[in-house]
Amino acid sequence: MSVNDLELKTFKAIIECIEEGSEKPSRAAIAKELGLSRTTASNYVNKLISSDILEELDSESQGRGRPGKPLTLSSSKRYAIGAFFDESDWYLSVVNLQGNPIENLHYPIERMTIDSFIQVLIGGIQEIQKKYGSQLLPAIGIGSPGVIDRKTGTIIKAVDLGWRDIPLGRIVLQQTGFSCYILNRYRATGLGEAHHGQGQGVKDFIFIGIGTGMGSAIFIDGKLMFTTNIHTGGIGHIIVDPHGPYCSCGRKGCALPLASTDALIANVLKSLKENPSLAYTPLAQRYSTEKTVTLQEIMQAAEDGDAFARQSVHTVADPMCQIIGHLITIINPKKIVLGGPMATTGTYYVNYIKEKVTNDYLTPEIPIVQGSMDVYTGARGAASLVT
């Protein structure tokens, strides 16, 4: 289906009518909503049906007169791909146009380099292309680490990984033929929560993702907030302690070196190495044999009541409480959703933040909740950029 800019705008408007309406609209309802003649609206709808984008359901009686046939997005003929990067893994989802998953795939990166990061993603896309062929929409949504230029699909910088100026969108297009819609990975996860998780039915909420990096997705009146082409929602470089350590961005006291996964693990390992009195804690016993501990082990120990693990969690959670408190003061959302590896593995971590923010900022009416435990939420959110 070859289209010009005006037609593309109309097609998008029709699809938005169907996606955002509380009921499945008929052709007549779409014509009225968009200010089109019934003939014009019907012609556009026919093109979308013939391209397997829309489906027309059986008539539903709605009182007097001839009932209109409700329209919905295709559920079984066309699919989209979403990809989400998490620490050292790519998670890809094939979804139908209603956003429901058809297949989920996991591709670990054995040795983390820029080249392997890109080639593992491309290999996954190509595998899906071979299986689904022409059923796929010719684009992919990607949740990537770092600050993203949305127009070019370039990773401008990913401070936690030490990367700069990676033309991810251009490379994927060249090697797969798919156009790319790329957002920061935690903004993509926020979209997943909005459509399929804790954000469903909530027009004003904030998703915050915390792992080796940090990011947020701010939703106002049901829309993900965009202010510039480059970045919105970067919270990792908010100053939380002017006398804190230097961040890899060059400033002192950013949240990233104080509240990330790396900060938590580094603090725990330093304490275990320097403090013999901790020798009988569960984490110390693990450290004595492995010489390291994982995020999951720290969070589980905190959940189990280990005092040392809990104090370590408090150290990285307190800076996040500052940031969340300021966001609540400025935006006053209806809900805060915490995700990323820190939150999805740390029930105690989330509960501590919830209690401290509520007590310190007197906001009991704003629920603070743990995000979806599904690792493919970010991939489904990225896919929504295409569908």
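Within the chain, helices built from complete DSSP H runs that reach 30 Å or longer along their own axis (Cα positions) and carry a mean Kyte-Doolittle hydropathy of 0.5 or higher are 307-331. Look at the dipole of the range 213-329 built from charges on Cβ: of Gln300, Met225, Ser248, the Cα furthest out on the positive end belongs to Ser248. Considering only Ser312, Ser372, Ser116, the Gaussian network model of the chain with Cα springs below 10 Å gives its largest mean-square fluctuation to Ser116.
Ignoring ligands, DNA and RNA, what percent of the accessible area of the chain is carbon or sulfur (1.4 Å)? That share works out to 49 percent.
For a straight C-alpha distance cut-off of 16 angstrom, the lysines reachable from Lys203 (same-chain residues fewer than eight places away being disregarded) are Lys223, Lys334, Lys335.
Here the relative contact order of the range 258-307, from alpha carbon pairs under 8 Å that lie six or more residues apart, stands at 34 percent. A Cβ-based charge dipole, computed about the Cα centre of the chain with Lys and Arg at +1 and Asp and Glu at -1, lands at about 940 debye.
May I ask you to list the chymotrypsin sites (Phe, Trp or Tyr not before Pro) in the range 258-345 that are in a DSSP loop and have at most 16 other Cβ atoms within 10 Å of their Cβ? Here the sparse-neighbourhood loop sites are Tyr280. Placing unit charges on the Cβ atoms of the charged side chains and taking the dipole of the chain about its Cα centre, the candidate lying farthest along the positive direction among Ser260, Ile235, Phe178 is Phe178.
If packing is taken as the mean number of other Cβ atoms within 10 Å per residue, what is the order of 246-252, 186-192, 73-79, highest first?
Numbers: 246-252: 13.6, 186-192: 31.0, 73-79: 16.6.
Top of the packing list down: 186-192, 73-79, 246-252.
Relative contact order of the chain: 16 percent, from C-alpha pairs under 8 Å at least 6 residues apart in sequence. Shown for the chain is the translational diffusion coefficient from the Stokes-Einstein equation, using the Kirkwood radius over Cα pairs, a temperature of 37 °C and a viscosity of 0.692 mPa s: 145 µm²/s.
Can you give the translational diffusion coefficient of the range 87-148 in µm²/s, computed by Stokes-Einstein from the Kirkwood radius over Cα pairs at 37 °C and 0.692 mPa s?
Details: Rh = 12.7 Å.
This corresponds to a translational diffusion coefficient of 258 µm²/s.
Eigen-decomposition of the gyration tensor built on the alpha-carbon atoms of the range 198-313 gives equivalent ellipsoid semi-axes of 34, 19, 10 angstrom, largest listed first.
The values are calculated or read from the model by the stated rules, or taken from the named source; none is laboratory data. Model, not experiment: these values are computed from the prediction. Note that we place each Cβ from the backbone using ideal geometry, even for glycine, and neighbour counts take in every protein chain shown. These area figures cover heavy atoms from the full protein model, side chains too; ligands, DNA and RNA do not enter into them. Shrake-Rupley method; radii C 1.70, N 1.55, O 1.52, S 1.80 Å.
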